[in-house]
Every structure is written in C-alpha cells, then in structure tokens.
Amino acid sequence: MFESITEKLQGIFKNLRGQGKLTEQNIEETLKQIRASLLEADVHLEAIQKFLEKIKQKSLGKEVALSLTPGQVFIKIVQSELINILTPKDKTSTRLKFAPAPPTLILLAGLQGSGKTTTAAKLAYYYKKDGRKPGLVAADLIRPAAIEQLEVLASQIQVPIFKPAAGEKAIEVCIRAVKSALESNCNMLILDTAGRLHVDESMMSEITSIAQRVKPSNILFVADAMAGQDIVRVVTTFHNKLHLTGTILTKADSDARGGAILSITSTTELPILFVGTSEKMDGLEPFYPDRIASRILGMGDILTLIEKIEKNNEKQQLDKLKLAQAKSFNLNHFLDQLRQLKKMGSLQDMISMLPGDVQMKNQIAQNAPNEKKFNQLEAILLSMTPQERQFPQLLDGSRKKRIAQGSGTRPEDINILLKQYDLMKKMMKNENHAEKLLRQMGMNAFPKRPPF
Amino acid sequence: MAFFIEKLKRGLKKTADQISQSWNAVINYRTTPEIDFNKLEETLLLADISLQTTENILKTLKSRIESNSSKSNDSGFIVEQLRQILVDKLQINNQRGPLSESTIILLVGVNGVGKTTTAGKLAHQLTHQGRSVTLVAADTFRAAAEEQLTQWASRVKVDIVKGLENEAPATIIYKVLKNFSERTQTIIIDTAGRLHTRVGLMEELKKLVRVAEKMIPLTMLEKWIVLDANMGQNAIHQVEEFHQGIGLTGIVLTKVDGTAKGGIVISLADRFHIPIVYLGVGETMDDIIPFDAQEFVSALLPKAG
C-alpha cells in the first residue's frame, strides 16, 4: 500500500546521493520534495509540516560520517522520525484493553463505508482463535441489511450475535447484550455501530450515549486507508466526543496509500491496533510501526548496511580516505577501498540490503564482483610497485605485461581495472561515498554488463 | 431542485467557510495588499485537490492577475477568476446528453463508497422522471449486499432481480439482458466493491462488461464509478484503473454532505474526460442531485466581492 510514497522517496534520495554534503540549501530542496510526495500520499498538510520541521531540526548540524553519504544520514533521520510518529508513547496501548470483569467491550466507530461491519467480524474471528469467547452486537439500525450482513458473517465464523428486537434502539440492544453476554457464554463483545458523519449531531450523540452507558474499555475508530485530508477533522471530532482508545486501518491492501495513518497518529497520537488487509475473515494484522516505516521508505535493510559500514570504518581507514579526498585518489587508495569492501563480506549480501527494485538488485548482484574477482583485483594491485600505484599514468604496455604475469591475469584485466579506477576517481571528486562505490564496483567491474 | 441545492450548500458550507476564512488571510487588505499564494495553496490542498492541479490553478490565476494588473488588489476579481478557473475545469468534461431512453447503468467502485445506496437513490430519482426502473443485485460477494438492495427496492418501489447464491455476476447480467425487452426500461446494476488493485476482481468486471456490450447497443450502456468524497488522491488511481479496464462514462461522487469536499473532482477533471453525473448528499432516497459545475463551485467558494 505504501509503494507510491516509497518510490517517490527513493527518487528523492537518489537525487540527494549526488550531493557532496548536507547543506541547509539541499535540505530545503529535499524537504520540499518530501512534502510533495507526502501530499500525494494524502498525509495531512499540518502533519507534513510538523514532520518536516522535526526532520529539519535533526538534520541540520548533523555530522555526516565520512564514509556515509548525506543521503544515508538523511534516510536514518527520516526513518527514525517516522517510527517515532507511528509509535505510541505508551507501548502497551496497542494492545486491546481487557476489562477487569468480563465482558470486555470493543465499540467500533467511523464514517460510512470505512469497513466497520467486516472489521467487527474479523476482530471476533481473531480473538476467537486467540481462545476468547467473542460475541457480535448489531447496533447499526440505519443502513439497510447491516444486521443481516453481520449475521451472515457471524454464522460464517461461528460466534453468537446479538440483534435488536423489533422496536429496539441501538443503545438498547447494546445494553441488553452486555447484560446477557455471560449467560450467552461470551467474555468479549464487539459492538458494530452505524457509519456516521462527524458533523451529524444526532448520530454523534447516539454513539456518545452508547459509550457513556456501556463504558467500553476499547473505543476504536475504523479508518479507510484511502482517506484524504479530511480524515484528520473526522478523527479529531470522534476523539473529542468519544475519547477513542485506538484506530484500525482498513483496506490497506489498496495501492499507494498510507498517508491517513500518518495523519491520524500525528494528530491524535492514537495507537493503531490492527490493519485490515483483505476482505477475508483472517485479513487482520497487528500494526508494526518499524515495519511500516521501513515500508514507507522502501529502504529495505539499509540501516543494517549503514551500521555495517560505520563499524568497518576504523579511524585509520577514515584518515586514509580523508587523505584520498584531500589529495588525489590513486591506486593505493583503491587497494584500501577494495580491502575494506572485502572485510565487509559478500557483495551480493550487501546489495540485497540496498533499497530498490528487486529485479534491478538481482541484476546488480549477478554482475557484481565475487570473492574471486576481488582476489584477482587485489593480486593485480599487489603486483604493481607502490610507485606505480601512486602514479598510475606510469603504466605502459610493458609494465602492464609484467603485472599481468605477476598476478596471473591478462593485460586486458589490467585495463579493466584502470578503467574502473578512473570512474571511481571521477566519483571521488564529487563525493566520498561507500554505497555508490559499491554500486559502481558492481556495475563497472566487467565490461560486457547490460547498462541500467 | 432548490431544496437539493440548499442541501448541497449546507454540506459544502464547512468547506466554504474554511476557504472563505482563508481568503481573509490570503488577501490582506489593510497592510500589504498582496495575495498570499502559500496560504491559498494550503487551502486548495486541504480540500484534497492534488498538488499538481493546485499548482496549475495557481499558475493560471497568477497569469490572469498579471494580465489585469490594475485589478491585482481587487479581491472580488481574484475570487471570481478562481471560481471561473474551477468551473472551466469541471465543465470541460461535462458536455453530455441525457440518458438514452433505454439505459443500463452499471455502478462500479471500491468497497464502501456507497454503490448500493447510490443504486437505490438513483432508482428513486429515475422513477420520478417517469422511467420504469429495475434494480439488479450483482454483488454476490459481500454478505447481505443483496438484502441491502432488496430493502432499497421496496423502499423506492421498483423491481429487483437477484442472482442465485454464488452465481457469477456475468451470468446474472446475461440473464437480465436476455430478457431486456424493447420497451423503454432503465436497469441499474449494483456490482460488488472491488479494490482496483485486485486483478482477479477487475477481470471479473471486464468480463461482465464484455457480456453486456455484446447484448445491447453501446450507447445504452452507462458505466459509472462511484467515488467517496472523503477519499484522497487514491481516487485518481481508482479512476485510472477502472477506466482502463472498462471505459467509464460517468462519475458519481458520494458523501458530499460531510466536510472538505470537491478537491478530488477537480483533480480528476484535470486528468480524465469523464463527466461527473451525480452527487450523493445523504442517506435518504432523495439525497442525490445531478452535478452542476456552476452550483458546485458556487457552493464551494464564497461569492465574489
């Protein structure tokens, strides 16, 4: 569901990768682009502003580790801030509150068509599998056949249902259900109410009186993942009147959405208990802020990768890289880089941690130099004299021939290596960027690689 | 009719208030008589108008103000220009004739947008226009969807055709159209809600349309997508997918009686040439009104001056 926002952000980070360092100016531009993509994902304007402000505060003045790019540093900040917003202050609040004396009540509230009835049945099914004894209460007397719908679902999942008798009001069936729950062998009741507009005073007061009367320990707002900007106003009104305890995000199996989730959490700080992912009865999943944040960013395990690079960058290595940056990048530095890469483990593994299109990553991984290739490159470099490594322009035909013999390779291999070194040198002029280096190594280590 | 427009206006009043408040901030008469375009941008964005459309609107507005520099501080002129820009966007797609005498209206859309309710309200509206209307329940998936439509049928006193349990929607349509007589008739088909990302369900819908298109003249078939006004930018993807799949001929915008409406419609008009036919403004059978760009924008924006 978060694909679109993910793609956009990746595009932005790609742009940022070309930058030398994180300046106020390039942050501004990036923030503007992030704003655009979050808007497209229906994150509420105010939530975006709040988010960008925090990102800005945290980014500016942040020291960029030498081997990391500003982009990587930025990703980390954006990601942790996203998790921050999506994680409720009180960790236990994402769990259902069980009443000290049964039955535990769950009151569902929301706009028309947000998926309350389907969610009610899914919740009953979820807790039934969990060993509870849930019952469903049909308290939607407005929509034609809403009761029948719940009835059909209840019989599908085989849980008891409490229906309004002729002339009974919504509040009355709720009260009756609560009173007789234990007799009906239910220690949990899920109250399905009618969809209502937040501006419909009489309907809002109906649900408020239900809540006041039966005092449910859980009042959950059911929100459609495809909702637009107005969801903030809606959820705020419901929250003010009902004191919600959480939300459930439905229809999360649609595409390109997720904005509503940020809007709701950012505005109300309500925990998200579940995410609805299909029309089937088992299509209800717990909500994991970190997973969703990663999904929003589409960054895969990039954080693991960044940490790995950070760990590998011992002081000495950093100094050498600094030197390389300050002066000219020569084959001695190239050798250092290569050894550092080898130390970090399989390049294939590393690539799989990079964000991006799986197909493209596979392509890179297939073409990336393997351990053997690394050893060969190292052998070539070691067959050179330190002087040759420092001044690669010395390498003429006869020297190349000697090096090829010394390293058990062909002179063409040496040319390939030199070509690669040239590319890298060009890159080094703009930035010192381990990840890009990885990619370039992967992409340019062999001449017959398909371009992408 | 006047009653309906009142209803729509009431529904849109909150939005209008919001925009009108913003106008006060946008045009600061006393101190610097300049338009705060950032503020205006915010206002449009908060109404779910996409960033791209918002930027287009502002660009057009700016150029109109520039070419009328004497009026650059005239708030009445600026509001009127904005109104005109929005109306133009909406009207360009809404040049369509009346429904053919015999019509089959297929209602499609994602889950929970109000297809069944719209079917019921439409049946009522079209019956009042002297048509003989039949409702067809082709949503065999959602529990009790048929019962919901049945209740609507008896409420608005029209006939209903139901499928057998688990019968394929295409089969139901086939049976209905096979008996489609020569007499003037209007058939409203309520289909199951389907997310545009569900390939199987979209294929099912395409099949249904193929069956219908083989059996009746194309001019008789209306394919309307029902959109929830509470939706954000995803409505664009929905229209895109459904349009590509079955070739939409109309849009019904529902739940316009809430707050902050209209934005997606304007963005949609920017991208697709699909007329908006009706607005849903409540839960009773009378709560449906034909779309009118002038009225819509008038209800959305404060009067010029």
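Here are the numbers for the structure shown:
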quantity: Accessible-area composition of segment A:143-206, carbon plus sulfur, in percent [1.4 Å probe]; calculated: 51 percent
quantity: Shielding by partners - mean other protein chain Cβ count within 10 Å, residues of B:42-48; calculated: 4
quantity: Rel. contact order, % - alpha carbon contacts under 8 angstrom, at least six apart, segment A:93-211; calculated: 38 percent
quantity: Segment A:92-292, relative contact order in percent, only Cα pairs under 8 angstrom and at least six apart counted; calculated: 26 percent
quantity: Packing-based ranking, highest mean first, of A:35-43, B:139-147, A:114-122, A:380-388 given that Cβ atoms within 10 Å are counted; calculated: A:114-122, A:35-43, B:139-147, A:380-388
quantity: Qualifying GluC sites (Glu not before Pro) for segment A:169-228 [loop in DSSP, other Cβ within 10 Å: at most 13]; calculated: A:GLU183
quantity: Segment A:164-249: relative contact order as a whole-number percent, Cα under 8 Å and 6+ apart; calculated: 27 percent
quantity: Derived scalar couplings ³J(HN,Hα) [segment B:168-178; Karplus, 6.51 cos²θ - 1.76 cosθ + 1.60; whole Hz; x for Gly, Pro]; calculated: 5, x, 4, 5, 4, 4, 4, 4, 5, 6, 5
quantity: 5 angstrom amide H check on A:THR104, placed H, neighbours 5+ away; calculated: A:ALA99, A:MET188, A:LEU189
quantity: For segment B:136-143, Karplus couplings with θ = phi - 60° (6.51, -1.76, 1.60), whole Hz, Gly/Pro x; calculated: 10, 8, 10, 8, 9, 9, 5, 4
quantity: Peptide A:193-202 - average C-beta neighbours from other chains (10 Å radius); calculated: 3
quantity: Euclidean distance of C-alpha centroids, segment A:159-178 and segment B:215-252, integer Å; calculated: 39 Å
quantity: Phi-based couplings in Hz for segment A:385-393 (Karplus 6.51, -1.76, 1.60; Gly and Pro marked x); calculated: 7, x, 5, 4, 5, 6, 10, x, 5
quantity: B:ASP228 long-range amide H proximity, modeled H, under 5 Å; calculated: B:THR254
quantity: Amide H partners (placed H, <5 Å) of A:TYR288, local residues excluded; calculated: none
quantity: Inter-centroid distance (Cα atoms) of segment A:398-425 relative to segment A:117-153, Å; calculated: 71 Å
quantity: Partner chain coverage, peptide A:133-141 - average Cβ within 10 angstrom; calculated: 0
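The values are calculated or read from the model by the stated rules, or taken from the named source; none is laboratory data. Note that the structure is a prediction, hence the values are computed from the model and not measured. Neighbour counts are summed over all protein chains in view; Cβ atoms, including those assigned to glycine, are modelled from backbone coordinates with ideal geometry. Note: accessible area is taken over every heavy atom of the protein model, side chains too, but ligands, DNA and RNA are not part of it. Shrake-Rupley method; radii C 1.70, N 1.55, O 1.52, S 1.80 Å.
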